[in-house]
1. Report, by residue number, each residue of the stretch 264-303 that is closer than 23 Å to Thr71 by Cβ and either in contact with a Pro (Cβ under 8 Å, 6 or more places away or on another chain) or not assigned by TED's automatic domain parsing to the domain that holds Leu220 (or both).
2. Would you be able to say whether some residue in the stretch 99-109 is closer than 19 Å to Ala161 by Cα and surrounded by fewer than 17 Cβ atoms within 10 Å (Cβ to Cβ)?
3. Specify which of the listed residues (Ala155, Ala109, Ala131) is under 14 Å from Ala66 (Cα atoms) and more than 16 Å from the chain's Cα centre (by Cα).
4. Taking Gly98 as the residue in question, decide whether it is touching a residue at least 24 places away in the same chain (Cβ under 8 Å) and more than 25 Å from Gln314 (Cα to Cα).
5. Just name the residue that is nearest to Arg300 (Cα to Cα) out of those in the stretch 215-244 that are among the small types (Gly, Ala, Ser) and under 22 Å from the mean Cα position of the chain (by Cα).
6. Please go through the stretch 265-277 and pick out each residue that is surrounded by 16 or more Cβ atoms within 10 Å (Cβ to Cβ) and not small (Gly, Ala, Ser).
7. Take the residues in the stretch 18-40 that are over 16 Å from the mean Cα position of the chain (by Cα) and part of a strand (DSSP E or B); name whichever of them is surrounded by the most Cβ atoms within 10 Å (Cβ to Cβ).
8. If Gly45 meets every condition in (1) more than 15 Å from the chain's Cα centre (by Cα); (2) surrounded by 24 or more Cβ atoms within 10 Å (Cβ to Cβ); (3) of a type outside the set (A, V, I, L, M, F, W, C) apart from one, which number is that one?
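The values are calculated or read from the model by the stated rules, or taken from the named source; none is laboratory data. Model, not experiment: these values are computed from the prediction. So basically every Cβ, Gly included, is an ideal-geometry build from the backbone, and we count neighbours across all protein chains shown.
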Amino acid sequence: MIENRMEGTDMHAGGEVVVRSPGLWTTVQDLGRPGWRRAGVPVGGAADAVSLRVANLLVGNPEGAAALELTLAGPTLEFRAEGVFALCGALYDAQLDGEAVEPMRPYYAPAGAVLTVRRAVRGCRGVLALAGGVDVPAVLGSRSTYVRARLGGVAGRPLAAGDRLWTGPLPPAAERLMMRLRRQGSGGLRAARGPFAAAPGLCPAIPDPSAAEPAVIRALRGAEAARFRPHAAEGFWDAPYTVRPEADRMGARLAGPQLALPDGASMLSEAVAPGAVQVPPDGQPIVLLPDCGTTGGYPRIAHVAAVDLPLVGQLRPGDRLHFREIAPAEAERLLVEREAELVRFRLALRRWMEE
């Protein structure tokens, strides 16, 4: 089981970070709040959960600690106390006190340092992990922000200029990393040496939306696939789709060949989960993402394999994608392989941190 919150955290026990500029849509996210769907509360959490887990590992946190999820344009943050951070997910143009910040490396920020995260060069969502985790109150067992219900995070909303964030107490691994990076930082080198990738894709578990154009999204045939007219169902797997501008954390709305819905396509609402591909009356599919509702009344033509759901979270408006059907056994095998990659990455980090 992956721990999804920092235990035993006292409010304001760590360092302070001030938001000078919030970016386009920056929220506090962790791995979500499972167990509350029966009450109508979405699971939520990071749209790219793999990048959140890796970013937290890089700074010595538990994998599910709360971090900042950035969307397209990132924030400008001032460290009022020294800290360690790592940036994963979408590839951003970022600088720490004017020096370039590379992805997938832990960095030391002395007190007074300013981190500026500009636009995403590729991908849609970044994860900025801070050693100690972002220390906001847990709501229903999670610090994730669900904006529609004003739940979690910072008052249930995206960050705003002037917000003050605190980190929690440093776990032992983060303390050792802080000491090592502090020594390096005195010599002008703030990034860690070690088993770290300098670009997305070198940790195989990290989704890289630039790896294929259009992106290939593996999916299983959906619960109502048989209700679609045969040519529509086959066209779904054959044709490319484009992410529409209305895409958000509830779902990636797609544009492409119209899927002809069968006569009497309306159905009683049933439980849905992130990854479900619903087809509303306009015939344009929607891939549900972490903030999706718990029930839906549109036919489900497919369900994205769990291993590729983080990649869908990285697709930005205008990106193209293509669905490829796989069997449940293959979806399970791919997920097991990804978890094995993360285990190898975790062990390599642990060995380096204990040197």
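1. Pro274, Val277, Gln278, Ile286, Leu288, Leu289, Pro290, Asp291, Cys292, Gly293
2. Within the stretch 99-109 (the criterion being closer than 19 Å to Ala161 by Cα and surrounded by fewer than 17 Cβ atoms within 10 Å (Cβ to Cβ)), the answer is no, since none of the residues qualifies.
3. Ala131
4. So Gly98 fails the test.
5. Ala219
6. Hits for the stretch 265-277 are Val272, Pro274, Val277.
7. The residue in question is Val19.
8. That leaves (1) as the condition not met.
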